[in-house]
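Novice: Structure below; questions to follow.
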Amino acid sequence: MPSWPELAAVYNAPTLTLAQALSGGANLVVIGQPGIGKTVAIAHLASQAANRSEELGPLKDAIPFLIHVADLKLPIHDKKRAA
């Protein structure tokens, strides 16, 4: 819980970098309140990928790209129109 790091500290929870979280082939969604650092975290990861940083491990050869959900042109099911 990035907005409440004290909770993880109480339980001594392990942490992962974004690269570690993505290295297993999983999909990752970065969510949080405005100003919490989502864009900075993704920009840092993209910068590491562009520079082929060794810190990325198996993701070193990955190519970063951005897809915003609003750009997907997903169909909208509007119950008001369906009636």
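Novice: Within the stretch 52-74, is even one residue without any contact (Cβ under 8 Å) to a residue 40 or more places away in the chain, in contact with a helix residue (DSSP H, G or I) (Cβ under 7 Å, 6 or more places away or on another chain) and of a type in the set (D, E, K, R)?
Specialist: yes
Novice: Here's another thing I want to ask about it. Any residue in the stretch 15-38 that is modelled with pLDDT of 80 or more and of a type in the set (D, E, K, R)?
Specialist: yes
Novice: Among the residues that make up the stretch 18-38, is at least one of them without any contact (Cβ under 8 Å) to a residue 24 or more places away in the chain, of a type outside the set (S, T, N, Q), open to solvent by 60 Å² or more (accessible area, probe 1.4 Å) and in a helix (DSSP H, G or I)?
Specialist: Within the stretch 18-38 (the criterion being without any contact (Cβ under 8 Å) to a residue 24 or more places away in the chain, of a type outside the set (S, T, N, Q), open to solvent by 60 Å² or more (accessible area, probe 1.4 Å) and in a helix (DSSP H, G or I)), the answer is no, since none of the residues qualifies.
Novice: Do we find that P75 is of a type outside the set (D, E), touching a Ser or Thr at 6+ places or on another chain (Cβ under 7 Å) and either in a loop (DSSP other than H, G, I, E, B) or at pLDDT 80 or above (or both) in this structure?
Specialist: Working: of a type outside the set (D, E): yes; touching a Ser or Thr at 6+ places or on another chain (Cβ under 7 Å): no; either in a loop (DSSP other than H, G, I, E, B) or at pLDDT 80 or above (or both): yes.
For P75, the condition - of a type outside the set (D, E), touching a Ser or Thr at 6+ places or on another chain (Cβ under 7 Å) and either in a loop (DSSP other than H, G, I, E, B) or at pLDDT 80 or above (or both) - is not met.
Novice: Let me ask something else. Scan the stretch 1-17 for residues that are under 21 Å from D61 (Cα atoms) and open to solvent by less than 80 Å² (accessible area, probe 1.4 Å) and report the count.
Specialist: Going residue by residue through the stretch 1-17, those that are under 21 Å from D61 (Cα atoms) are 16-17.
Narrowing the set further to residues that are open to solvent by less than 80 Å² (accessible area, probe 1.4 Å) leaves 17.
Total satisfying the criteria: 1.
Novice: Sticking with this structure for a sec: Output the residue which, of all residues in the stretch 45-63 that are open to solvent by 50 Å² or more (accessible area, probe 1.4 Å) and either in a loop (DSSP other than H, G, I, E, B) or touching a Leu at 6+ places or on another chain (Cβ under 8 Å) (or both), is farthest from S23 (Cα to Cα).
Specialist: Our first condition is that a residue be open to solvent by 50 Å² or more (accessible area, probe 1.4 Å); within the stretch 45-63, this holds for 47, 50-52, 54-55, 58, 60-61, 63.
Right, trim to either in a loop (DSSP other than H, G, I, E, B) or touching a Leu at 6+ places or on another chain (Cβ under 8 Å) (or both) and you get 51-52, 60-61, 63.
Details: N51: 17, R52: 14, K60: 10, D61: 12, I63: 13 Å.
Ranking the candidates gives N51 first.
The values are calculated or read from the model by the stated rules, or taken from the named source; none is laboratory data. The structure presented is a predicted model; accordingly, all values stated were derived computationally and were not measured. Reconstructed Cβ throughout: ideal geometry from the backbone, glycine too, with neighbour counts over all protein chains shown. In case anyone asks, the SASA skips ligands and DNA or RNA and just uses the protein heavy atoms, side chains included. Shrake-Rupley method; radii C 1.70, N 1.55, O 1.52, S 1.80 Å.
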